[in-house]
1. Among the residues of segment 172-201 satisfying the criterion of being among the acidic types (Asp, Glu) and at pLDDT 90 or above, which is farthest from Leu72 (Cα to Cα)?
2. Which of the following residues is buried (at least 17 other Cβ atoms within 10 Å of the Cβ), in contact (Cβ under 8 Å) with a residue 60 or more places away in the chain and of a type outside the set (Gly, Ala, Ser): Leu80, Leu102, Leu149?
3. In segment 14-45, which residues are assigned to a helix (DSSP H, G or I), surrounded by 24 or more Cβ atoms within 10 Å (Cβ to Cβ) and of a type in the set (A, V, I, L, M)?
4. Quick check: is even one residue across segment 188-196 within 18 Å of Ile13 (Cβ to Cβ) and either aromatic (Phe, Trp, Tyr) or not in a helix (DSSP H, G or I) (or both)?
5. Tell me the residue from Asp117, Asp133 that is under 12 Å from Lys146 (Cβ atoms), among the charged types (D, E, K, R) and either buried (at least 18 other Cβ atoms within 10 Å of the Cβ) or out of contact with any Phe, Trp or Tyr (no Cβ under 7 Å at 6 or more places or on another chain) (or both), please.
6. Taking Glu83 as meeting all but one of (1) in contact with a Ser or Thr (Cβ under 9 Å, 6 or more places away or on another chain); (2) part of a loop (DSSP other than H, G, I, E, B); (3) farther than 28 Å from Tyr174 by Cβ, write down the number of the exception.
7. Testing Tyr140 on (1) of a type in the set (Phe, Trp, Tyr); (2) buried (at least 19 other Cβ atoms within 10 Å of the Cβ); (3) in contact (Cβ under 8 Å) with a residue 60 or more places away in the chain, one condition comes back false. Which one is that?
8. So which of Lys69, Lys60, Lys161, Lys120 ends up being of a type in the set (Lys, Arg) and within 17 Å of the chain's Cα centre (by Cα)?
Amino acid sequence: MATVVITGANRGIGLEFVKQYLANGHKVIALCRNSSDELNQTGAQVVDKVDVSNPECLEKCLPALSDIKIDLLINNAGVLADESLDDFNTATIEYQFRVNALGPIHVTQLLRHQLNDGAKVALITSRMGSVEDNTSGGRYGYRMSKAALNIAGVSLAHDLKSQGVAVALLHPGYVQTEMVNYGGDISATESVTKLMQRIEELNLTNSGSFWHSNGQILPW
């Protein structure tokens, strides 16, 4: 039985990760800013009031997990806004950076000494953070924050290698969640099943790779 820690666990992909890892017999610690009835009913250990956008909050909340050894850390919490040149908003851009880029790295930094030898870190990113794949423009905050997460994830892969910890950057697909008003083309259940396969395949040899949930290696 592995111990799995998941951020943004109260809904969407995060909640589905909780359900599937519990169904596979693992211990799950679900971190979220605000819990949900559905999460509370899963049987996971829920730690709420965890705001990944707030460094002081993380530094106060995460020491509560100091006695836990972690086999898998899934940095899933994320937000999406839609800035354009005609509708530009530096506040939403900055907030996306705090949640999507800084938050996952800070969580990992604070929990790194609790990662077992052979543990894994999954960063839920997006192909919208790919420079080569950007053929439509717009979405400034989301694209920039996910690109920042990608390069930080590669640094993590290098920095944690000596600890025996592998890191994956994972694009879940266009998933039918509240974040996109359920307009995706893949269900959260199917996406998470595929993401779990990618995590299973992760090792120190392919650490730092940028994967689509379907197994495709994505361009930077």
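1. Taking segment 172-201 as the starting set, the residues that turn out to be among the acidic types (Asp, Glu) are 178, 185, 190, 200-201.
Still in the list and also at pLDDT 90 or above: 190, 200-201.
On the way: Glu190: 20, Glu200: 10, Glu201: 13 Å.
It comes out as Glu190.
2. On the way: Leu102 fails: in contact (Cβ under 8 Å) with a residue 60 or more places away in the chain; Leu149 fails: in contact (Cβ under 8 Å) with a residue 60 or more places away in the chain.
The unique qualifying residue is Leu80.
3. Passing the criteria: Leu15, Val18.
4. We begin by selecting, within segment 188-196, every residue within 18 Å of Ile13 (Cβ to Cβ); these are 188-196.
Among the residues that remain, those that are also either aromatic (Phe, Trp, Tyr) or not in a helix (DSSP H, G or I) (or both) are: none.
No, segment 188-196 has no match at all.
5. Values: Asp117 fails: under 12 Å from Lys146 (Cβ atoms).
The unique qualifying residue is Asp133.
6. (3)
7. The single condition Tyr140 does not satisfy is (3).
8. Values: Lys69 fails: within 17 Å of the chain's Cα centre (by Cα); Lys60 fails: within 17 Å of the chain's Cα centre (by Cα); Lys161 fails: within 17 Å of the chain's Cα centre (by Cα).
None of the others qualify; the one that does is Lys120.
The values are calculated or read from the model by the stated rules, or taken from the named source; none is laboratory data. All of these numbers come straight from a predicted model, not from anything done at the bench. Here the Cβ is made from the backbone with ideal geometry for all residues, glycine too, and neighbour counts use every protein chain on show.
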